[in-house]
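Below: one structure, written as structure tokens.
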Amino acid sequence: MNQTLVVIKPQAVARGLSGKIMARYEEKGLKLAAVKLMQADRDLLAQHYAEHAGKSFYDNLLETMESGPVLAMVLEGADAVTAVRMLNGATDPLKASPGTIRGDFGLEMAHNVVHASDSIQSAQREISLWFPEMAVK
Ligand code: CMP
């Protein structure tokens, strides 16, 4: 059993896709442990995407992520990190298989519908950033 962070990106929230996307995770058997609709600020996004600082797409990524509300959630279940990544599909929606969330709902890398943690270690770090109230005291 592990937990992972998913962030439904602003464009997908604005398109009204949140319910459909959450249903995919729940139908797979993952349990929603926390969820919130929020406006991510630059400080949170800079910490979240620290590994991408300096890359060509970084400024655009932060601008896109702060362009409107996101839906952040913690999902848990048997190997939740891997299960969510399989459901999401490849990072580039054009390379993601049909049937995956990005393959079905995305068209561009910069608007790739969802972010999800890429490892158990990333999940722990990202959950404590987005849901500090869940941190073990
Ligand atoms: P995400 O899972 O949120 O993690 C980093 C994000 O950067 C990624 O999804 C994409 O939205 C974006 N990204 C990664 N690589 C590129 C790229 N080559 N060009 C534009 N955006 C990118």
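Considering the convex hull of the alpha carbon atoms of region 54-116, report its projected area averaged over all viewing directions, in nm², one decimal.
For the Cα atoms of region 54-116, the hull's average projected area reads 5.0 nm².
For the chain, what D do you get in µm² per second when you plug the Kirkwood radius from alpha-carbon pairs into Stokes-Einstein at 4 °C and 1.567 mPa s?
87
Please check: in the Gaussian network model of the chain (C-alpha springs, under 10 Å), which one of M65, M109, M73 has the largest mean-square fluctuation.
Fluctuation is largest for M109.
Hey, which lysines would be in cross-link range of K55, C-alpha to C-alpha under 25 Å, not counting anything within fewer than 8 residues on its own chain?
Partners within reach: K9, K95.
Once phi is turned into ³J(HN,Hα) by the Karplus curve 6.51 cos²θ - 1.76 cosθ + 1.60 with θ = phi - 60°, what whole-Hz value does each residue of region 66-79 show in order, with x for glycine and proline?
With coefficients 6.51, -1.76 and 1.60, one gets 9, 7, x, x, 10, 10, 9, 8, 10, 10, 9, x, 4, 6 Hz.
Express in nm, to one decimal, how much length is gained between D79 and L107 on full extension, taking 0.36 nm for each residue of separation and deducting their alpha carbon distance.
7.3 nm
Tally the DSSP beta bridges in the chain and give the antiparallel ones as a percent, rounded to 5.
Close to 95 percent.
Would you mind computing, in nm to one decimal, how far apart the modelled labels at A135 and H52 are, each placed 7 Å from Cα along Cα→Cβ?
2.4
Using only the Cα atoms, work out Rg/Rh for region 95-137, with Rh taken as the Kirkwood radius, to two decimals. Before the final figure, lay out the partial values.
On the way: Rg = 13.9 Å, Rh = 12.2 Å.
Rounded to two decimals, Rg over Rh is 1.14.
Would you mind calculating the gained length between S122 and A90 on full extension (0.36 nm times residue separation, minus the Cα-Cα distance), in nm to one decimal?
9.8 nm
Read the figures in this text as sums done on the coordinates, not as results from a lab. These figures come from a predicted structure and were not determined experimentally. A quick note on method: Cβ atoms are made from the backbone with ideal geometry, for glycine too, and the neighbour counts reach across all protein chains shown.
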